[in-house]
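Step one of this worksheet: look at the structure below.
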Amino acid sequence: FSNQYTEEEARKLGVVGWVKNTSQGTVTGQVQGPEDKVNAMKSWLSKVGSPSSRIDRTSFSNEKEISKLDFSGFTTRY
């Protein structure tokens, strides 16, 4: 899973947060922004992803409304 594509998509959509590859071969992260933009990012993560990725399943949890964004951009964590 190439996080470069995820970062590009997040910036294009205007969402903030982070993404990280796990040692189990999965991807975890956090996305914040207007609901429609977050939903667009979720759709991209579920259906498209980076060119070399294989998406077997996606799971989104801990969704809630927030009063302000915790992040100023979208980054890859290691």
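All of the numbers you see were taken from the coordinates with simple rules; none came from a lab. Because the structure is predicted, anything quoted here is derived from the model rather than measured. Positions of Cβ are generated from backbone atoms using ideal geometry, with glycine treated the same way; all protein chains shown enter the neighbour counts.
Using a Förster radius of 25 Å, what is the FRET efficiency between Arg57 and Lys20 based on their Cβ-Cβ separation? Nearest 0.05, please. Don't skip to the answer; put the middle values down first.
Working: r = 17 Å, r/R0 = 0.69.
Taking R0 as 25 Å, the efficiency between Arg57 and Lys20 is 0.90.
Work out the charge dipole of the range 3-76 with +1 on the Cβ of Lys and Arg and -1 on the Cβ of Asp and Glu about the Cα centre, then indicate which of Pro34, Leu13, Ile66 is farthest towards its positive end.
Projecting each Cα onto the dipole axis, the largest value belongs to Leu13.
Between Thr75 and Lys12, what length in nm is gained on full extension when 0.36 nm per residue of separation is reduced by their alpha carbon distance? Present the calculation step by step, with values, prior to reporting the outcome.
Values: separation 63, 0.36 × 63 = 22.68 nm, distance 1.34 nm.
So the chain would gain 21.3 nm between Thr75 and Lys12.
Looking at the chain, send over the antiparallel percent of its DSSP beta bridges, to the nearest 5.
Values: 6 of 9 bridges.
Bridges in the chain are about 65 percent antiparallel.
Please list 61-72, 17-28 highest first by mean number of surrounding beta-carbon atoms within 10 Å per residue. Could you put the intermediate results ahead of the total?
Values: 61-72: 7.2, 17-28: 13.5.
The packing order, highest mean first, is 17-28, 61-72.
In deg cm²/dmol and to the nearest 500, what is the mean residue ellipticity at 222 nm of the chain if only DSSP H runs of at least 4 residues count, each as -39500 (n - 2.57), divided by the residue total? Please report the intermediate quantities before stating the final value.
Numbers: 2 runs with 24 residues, N = 78.
Calculated mean residue ellipticity at 222 nm is -9500 deg cm²/dmol.
Suppose every Lys and Arg Cβ carries +1 and every Asp and Glu Cβ carries -1, with no other charges. What dipole size does the chain come out with about its Cα centre, to the nearest 20 debye? Please list the in-between numbers first.
Details: 11 positive and 9 negative charges, 31 e Å.
Roughly 140 debye, rounded to the nearest 20.
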